[in-house]
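Below you'll find the structure, written out as structure tokens, and then a few comments.
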Amino acid sequence: MNRRVAGRYRLLKSLGQGGMGEVFLALDLKTGAECALKRFAPRKALDTQDLRREFEALTRVRHPTVVAALEFGLDEGGGPFYTMEYVPGRTADAALARGDWAALCFVGAEVARALEALHPAGVVHGDLKPSNLVVVPGTGPNRRPAAEGIVSRDWRFL
């Protein structure tokens, strides 16, 4: 995969696909930084103005457990996309061991904190499930997942 989007982003690999579209690991050719780029499926894409408004709501949320929204744009065919902070981790369903209740409760509490930050901004998660959450393994003695590594790829807005 070596496709470009909007002349600025080179798609490196697919990170996941869902009902709203597909998320890719991308290289921002302007800054040299990696990012996550979400392209919306044409049949599911909302009006571009609605997507822009929703993206702007997400940019107002700054929280350690919520992925940062970076840029909204249109690809060469006029299809909407946006870029987000790339968090290298694993989905929660793959990262958390069955029966590890301490880690599960910790991640659940972090997700609740993220939702608590999102809701006042009018952002509602539309498909909250373990496969839509990215977890970064902890490095300290208690090895809990890093709070800043819990992010999501699928948002809906009020």
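The values are calculated or read from the model by the stated rules, or taken from the named source; none is laboratory data. Note that this is a predicted model, so its numbers are computed, not measured. Here Cβ is always computed from backbone atoms with ideal geometry, including for glycine, and neighbour counts include all displayed protein chains. Side chains included, ligands, DNA and RNA excluded: accessible areas come from the protein's heavy atoms. Shrake-Rupley method; radii C 1.70, N 1.55, O 1.52, S 1.80 Å.
Things worth noting here:
Conditions (1) in contact with a strand residue (DSSP E or B) (Cβ under 8 Å, 6 or more places away or on another chain); (2) of a type outside the set (A, V, I, L, M); (3) open to solvent by 30 Å² or more (accessible area, probe 1.4 Å), marked per residue:
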residue	(1), (2), (3)
Ala26	yes, no, no
Pro42	no, yes, yes
Ala68	yes, no, no
Ala95	yes, no, yes
Cys105	no, yes, yes
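- Test: residue in the range 49-62 that is free of Cβ contacts under 8 Å to residues at least 60 places away in the same chain, surrounded by fewer than 16 Cβ atoms within 10 Å (Cβ to Cβ) and more than 17 Å from the chain's Cα centre (by Cα): yes
- Filtering the range 123-136 to residues that are open to solvent by less than 30 Å² (accessible area, probe 1.4 Å) and part of a strand (DSSP E or B) leaves Val123, His125, Leu133, Val134, Val135.
- Scanning the range 1-36 for residues that are touching a Lys or Arg at 6+ places or on another chain (Cβ under 8 Å) and of a type in the set (Gly, Ala, Ser) yields Gly16, Gly18, Gly19, Gly21, Ala26, Ala36.
- Cβ-Cβ under 7 Å pairs, at least 6 apart or on other chains, the range 84-101 side under 22 Å from Val61 (Cα atoms), far side of a type in the set (Lys, Arg) and modelled with pLDDT under 85: none
- Yes/no for Gly32 being surrounded by fewer than 14 Cβ atoms within 10 Å (Cβ to Cβ) and at pLDDT 90 or above: yes
- For the range 1-21, filtered to residues that are in a strand (DSSP E or B) and either open to solvent by 50 Å² or more (accessible area, probe 1.4 Å) or in contact with a His (Cβ under 8 Å, 6 or more places away or on another chain) (or both), the residue that is farthest from Ala94 (Cα to Cα) is Arg4.
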